[in-house]
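The values are calculated or read from the model by the stated rules, or taken from the named source; none is laboratory data. Note that the structure is predicted; figures quoted are calculated from it, not measured. Please note: Cβ atoms are built from the backbone with ideal geometry, for glycine as well, and neighbour counts cover all protein chains shown.
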């Protein structure tokens, strides 16, 4: 794998695809800068070599061109402080101003381009758009694992214009290395914890995990489709009727391969999807008609904690309940603390981006686990066994 570590960037203009898709509050202040800080080692290495850096990223999902809410200009001051240098900003990612700034960029300087998704051509993987972007640098670095599963202009198509002058950034390399520790050579027992709202979103990952995991712990809204498939009463809990047969197949395949599937024995239930709802506890397969499961219960927590404590490798993707609501965060919180404890006791713990990453940050445990991925969808697709366009574009 060729990374920035293998290249001397002296006098090179490095065009880096980063993932600066960070959350902003109503005052356009960054509320979590972990995706920015994750890209700093790559940027600093290139600057230290005596190169210059042109950064390109998306932010949010702008529908109709330039939008104040999604402008990357809101990141400039914070990024300047982190890099201890004045970051220049181009208010259009392919405009004349951007071209001029790039042309005049000196070694040691940094230029941030405006949001790529202000152009629909970015997500369409438009060749002409990719070619225009390619003019900004003479070396291409992909350090955006969070978008590696998208065949967009800046993440995959652009690499064709840098035949022998492209590589991975440190973050991208670290993401691949940590994912492969779990996929290719996990220390055993290997336990995968899979949660979230919908079973449909996780079917492919579950099918792949059955081939490599010893245990699969299931929580969150998706667990109720499994419980229903086994004949349980789940009240008005989240149910994907069209996935019942698939969940039965997964349970049968796991049984065939000797993989233990854990489903929550009990649940914290509510009479309404609200933090102010009436709350009770129930066996997960005996939930009353008008009630819904919104978190795993005490028995499930203890069972899951025991399985985690006995594991040497643990992957976590997806919360155990509606952790955004304080009354239904306990299951997710307890799993997070169990993972921190397991890490301290020598287990390798990989937190799989998205909501799991949000949860681990919410409970302040990001430094107590082995690795927190910056890519939710990308990591999922990697675990599904798919070739990610952003990775293939550098390797080919």
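Quick check on my filter: what residues within region 222-250 are outside any helix (DSSP H, G or I) and out of contact with any strand residue (DSSP E or B) (no Cβ under 8 Å at 6 or more places or on another chain)? Those that are outside any helix (DSSP H, G or I) and out of contact with any strand residue (DSSP E or B) (no Cβ under 8 Å at 6 or more places or on another chain): 230, 231, 239, 240.
Within region 154-177, the residues that satisfy the criterion of being surrounded by 21 or more Cβ atoms within 10 Å (Cβ to Cβ) and either at pLDDT below 95 or under 20 Å from residue 383 (Cβ atoms) (or both) are 155, 156, 168, 171, 172, 175. Kindly provide the set of residues from region 130-153 that are assigned to a helix (DSSP H, G or I) and surrounded by fewer than 23 Cβ atoms within 10 Å (Cβ to Cβ), ordered by number. Selection gives 130, 131, 132, 134.
Within 21 Å of residue 261 (Cβ to Cβ), in the same structural domain as residue 219 (by TED's automatic domain parsing), free of Cβ contacts under 8 Å to residues at least 40 places away in the same chain and not in a loop (DSSP other than H, G, I, E, B): is that true of residue 349 in this structure? Spelling it out, residue 349 is indeed within 21 Å of residue 261 (Cβ to Cβ), in the same structural domain as residue 219 (by TED's automatic domain parsing), free of Cβ contacts under 8 Å to residues at least 40 places away in the same chain and not in a loop (DSSP other than H, G, I, E, B).
For region 317-335, filtering for residues that are at pLDDT 95 or above and in contact with a strand residue (DSSP E or B) (Cβ under 7 Å, 6 or more places away or on another chain) leaves 8.
Can you name the residue in region 21-40 that is under 16 Å from residue 68 (Cα atoms) and in contact with a strand residue (DSSP E or B) (Cβ under 9 Å, 6 or more places away or on another chain) and is also surrounded by the fewest Cβ atoms within 10 Å (Cβ to Cβ) among such residues? Residue satisfying both the conditions and the ranking: 23. Go through the residues of region 205-225 one by one and say whether even a single one is crowded, with 22+ Cβ neighbours inside 10 Å, more than 20 Å from residue 351 (Cα to Cα) and free of Cβ contacts under 8 Å to residues at least 60 places away in the same chain. Yes, region 205-225 contains a residue that is crowded, with 22+ Cβ neighbours inside 10 Å, more than 20 Å from residue 351 (Cα to Cα) and free of Cβ contacts under 8 Å to residues at least 60 places away in the same chain. Report yes if residue 18 is assigned by TED's automatic domain parsing to the domain that holds residue 114, under 13 Å from residue 112 (Cα atoms), within 20 Å of the chain's Cα centre (by Cα) and surrounded by 22 or more Cβ atoms within 10 Å (Cβ to Cβ), otherwise no. The answer is yes for residue 18.
On inspection, residue 145 does not qualify as in the same structural domain as residue 59 (by TED's automatic domain parsing) and closer than 23 Å to residue 103 by Cβ. Only one of the numbered conditions (1) in contact with a helix residue (DSSP H, G or I) (Cβ under 8 Å, 6 or more places away or on another chain); (2) part of a loop (DSSP other than H, G, I, E, B) is not met by residue 164, and that is (1).
Conditions tested, residue by residue: (1) part of a helix (DSSP H, G or I); (2) outside the structural domain of residue 375 (by TED's automatic domain parsing); (3) within 20 Å of the chain's Cα centre (by Cα).
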site	(1), (2), (3)
300	yes, no, no
319	no, no, yes
333	yes, no, yes
339	yes, no, yes
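From (1) touching a strand residue (DSSP E or B) at 6+ places or on another chain (Cβ under 7 Å); (2) at pLDDT below 90; (3) outside any helix (DSSP H, G or I), pick out the condition that doesn't hold for residue 192. Unmet condition: (2).
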